[in-house]
Amino acid sequence: MKKIILEYRFTNHQKIIFLLYLGAPFLFKIFLLFRNNINIENYLILSICVICYTFLISIAFLKRGFFTKNSNLYKGSFFLGKLFFKTRIDISDKSKITILKFRKSQKLSWFSGANPDLTVEHSSFEVNILNEMHTKREPILDLKRKESVETTTKFLTTNFDLKYEKYNPNFRIKNSC
């Protein structure tokens, strides 16, 4: 199994919101249980809360990447190099790969009334697989760093029969004359 782990799934802002919103009940219960005397019932509840919050931390710090297994391409989510989730990508009718660059913005929460609509703009690199004429495009991963794009392209072209090309759709029907 060959794999390439690229970059974090969530931004730092998303991680903080994720861990605070979803993790707040677990953290609150953990602190309450530490304040009280710990008996067997409290120890069981404390253990469950710690396990749940640890699971939330592992989800918040997932990294995205690709891996191959039995000559199939999979998109995976990794934590500490171990595979958590996977999705198979069908490349049987696709022969090309391209990267499209987009400008995106993300609204941030919890900012002052002086600047209520604070957004952060960033470049996004979308990895797409294409058919022969570039008329069918399927996005498979969205990346934030240019270095990740280069390693992804190299991984996909060396391990599969995919060829990197600039996106140029040809909607003309080929004549058989």
Net charge near Phe102, counting Lys/Arg +1 and Asp/Glu -1 over other residues with Cβ under 9 Å of its Cβ? +1
Shape parameters for the chain, alpha-carbon atoms, Rg then Dmax in Å: 22.1, 87
For the chain, with every protein chain kept in place, what is the accessible area per residue (1.4 Å probe, Å²)? 68 Å²
Given DSSP loops and a limit of at most 13 other Cβ atoms within 10 Å, what is the longest stretch of the chain that contains no such trypsin sites (Lys or Arg not before Pro)? 3-135
Tell me what the chain gives for mean residue ellipticity at 222 nm when only DSSP H runs of n ≥ 4 count, each as -39,500 (n - 2.57), the sum divided by the residue total, rounded to 500 deg cm²/dmol. -11500 deg cm²/dmol
How much space per residue, in cubic angstrom, does the convex hull of the C-alpha atoms of region 117-177 take up? 118 Å³
Just to verify a number: FRET efficiency for Phe55 and His122, C-beta to C-beta distance, R0 = 22 Å, to 0.05? 0.20
Please compute the modelled spin-label separation between Leu27 and Asn170, points set 7 Å along Cα→Cβ, answer in nm with one decimal. 5.6 nm
Rounded to a whole %, the carbon-and-sulfur portion of the accessible area of region 1-113 at a 1.4 Å probe is 63 percent
Extension length gain for Ile45 and Arg137 (0.36 nm per residue less Cα distance), in nm, is 28.2 nm
What does the C-alpha gyration tensor say about the overall shape of region 60-109? Classify as rounded when a/c is under 1.5, otherwise prolate if a/b is larger than b/c, or oblate. oblate
Taking just the alpha-carbon atoms of region 49-146, what radius of gyration and Dmax come out, in angstrom? 17.9, 55
Measure of size requested: the Rg and Dmax of region 1-80, with Cα atoms as the atom set and Å as the unit; please supply both. 17.3, 56
Nearest-0.05 FRET efficiency for Arg35 and Leu108, computed from C-beta distance (R0 41 Å): 0.75
Pop out the ³J(HN,Hα) list for region 129-144 in order, Karplus 6.51 cos²θ - 1.76 cosθ + 1.60 with θ = phi - 60°, rounded to Hz; leave Gly and Pro as x. 10, 10, 7, 4, 9, 6, 8, 10, 10, 10, x, 10, 7, 10, 10, 10
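The values are calculated or read from the model by the stated rules, or taken from the named source; none is laboratory data. Keep in mind that this is a model prediction, so the values were computed, not measured. Reconstructed Cβ throughout: ideal geometry from the backbone, glycine too, with neighbour counts over all protein chains shown. To get the accessible areas, we keep the full protein, side chains included, count just its heavy atoms, and leave off ligands, DNA and RNA. Shrake-Rupley method; radii C 1.70, N 1.55, O 1.52, S 1.80 Å.
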